[in-house]
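First comes the structure, then the notes that go with it.
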Amino acid sequence: MSEAAGWVFIIIGITFDLVGCIGLVRLPDIYNRLQAATKCVTLGTCMILLSVFFFVGLNSVGVKALLCIWFVLITSPTSAHAIARAAHRSGIRLWVGSVMDKYADDKEGTEDTA
Amino acid sequence: MKRFLYFLILLVIWLLLTWSLHWQDLVVGVVIALIAQLLLGDIFPVGVVRVFNPVRFFWLFTYTWVFFFYVIKANFDVAYRVLNLYMPIKPGIVKVRTKLQTDMARTFLANSITLTPGTLSVDMVGDHLYIHWINIVSEDPEKETEIIVRRFEKLLERIFE
């Protein structure tokens, strides 16, 4: 039973990871790519770790997998935020098709205080 | 008190990671938790103590399910945009306002926004969050705030504020 659940989760996880990787290649600029990378790869990796838990059960390996889910959920959005902020501050423009950029508008006058 | 709580949390994480109650593992865990607590105890968020309260736990539990629902929705959203031949995206950075005051609540809000459909938090200046949105549906700041922030803000207010 738990092995079947493990297979289901590993297939869902790999599918989402694959979609995230396709997004990383197809989307136009760094911010859009980060969107695909954080959302899909976070859930995909969590699903694969969850399937590890279902395969091995509640022992030292399974508990480590559950703890890793927690770490990934906390660190993945934080690092995406850090990369996006660093990219914007080092002057990487948004994709030409972008509608607006309030961040750049606001930053023009307050370069030194930000 | 605060440092002792931090020490206990670290020790529990250590025990879960080693998954053994042998006395040697216990001694190493206590020593490492003590060192980490002495070095990094200052950055431990004070507000977290308030979460140990049944009502707040109930809202944390509700928040967890709402959060997972949005994470799964976000994944299908990305899959739809990426696998579509014409890539229906209309990206941009918008500015929204948050009412939350504590650091912990703001951290949770920013991380939740990153993992929910189409949004990625870029920076936080004062009360304002800059959000990269993959598909802007309105140019009105009030409506943007309504769509992006409100769905988590109410729950997080009950948990951390």
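The values are calculated or read from the model by the stated rules, or taken from the named source; none is laboratory data. All values reported here derive from a predicted model rather than from experimental measurement. Cβ sites come from the backbone with ideal geometry, for glycine too, and all protein chains shown count toward neighbours. All accessible areas refer to the heavy atoms of the entire protein, side chains included, with ligands and DNA or RNA removed. Shrake-Rupley method; radii C 1.70, N 1.55, O 1.52, S 1.80 Å.
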Kirkwood-Stokes translational diffusion coefficient of the protein assembly as shown, alpha-carbon pairs, 20 °C, 1.002 mPa s, µm²/s:
105
Rg and Dmax of region B:2-44, using alpha carbons, in Å: what are they?
10.2, 31
Burial of 50 Å² or greater, region B:115-135 residues [accessible area, probe 1.4 Å, versus chain by itself]
B:115, B:120, B:122, B:123, B:130, B:132
If you roll a 1.4 Å probe over the heavy atoms of the protein chains, what accessible area per residue do you get for chain A, in Å²?
52
Please give the helix B:103-115 orientation as an angle from the longest Cα principal axis of chain B, in degrees from 0 to 90, rounded to the nearest 10.
50
In debye, nearest 20: dipole of region B:64-123 around its Cα centre with unit charges on the Cβ of K, R (+) and D, E (-)?
200
Gaussian network model of chain B, Cα within-10 Å springs - most flexible of B:83, B:34, B:60:
B:83
Once phi is turned into θ = phi - 60°, what whole-Hz ³J(HN,Hα) does the Karplus curve with 6.51, -1.76 and 1.60 give for every residue of region B:63-75, x standing for Gly and Pro?
4, 4, 6, 4, 4, 5, 4, 6, 4, 5, 4, 4, 5
Cα-only radius of gyration and Dmax that characterise chain A, units Å:
18.5, 61
Nearest-ten-degree value, helix A:60-89 long axis tilted from longest Cα axis of chain A
10
Across region B:1-148, what fraction of all alpha-carbon pairs, as a whole percent, falls in each successive 5 Å bin from zero upward?
2, 8, 13, 14, 14, 14, 11, 9, 7, 5, 2, 1, 0
Using alpha-carbon pairs under 8 Å, 6+ residues apart, how would you state the relative contact order of region B:56-160 in percent?
38
Answer with one residue from A:78, A:16, A:60: the one whose Cα lies farthest towards the positive end of the charge dipole of chain A, charges on Cβ with Lys, Arg +1 and Asp, Glu -1.
A:60
Candidates A:102, A:64, A:39, ranked by Gaussian network fluctuation over chain A, Cα under 10 Å, top entry
A:102
Among B:138, B:9, B:79, the residue whose Cα sits farthest towards the positive end of the charge dipole of chain B, when +1 is placed on the Cβ of each Lys and Arg and -1 on the Cβ of each Asp and Glu, is B:9
With a 1.4 Å probe and all protein chains kept in place, how much accessible area does residue B:73 have, in Å² rounded to the nearest 10?
100
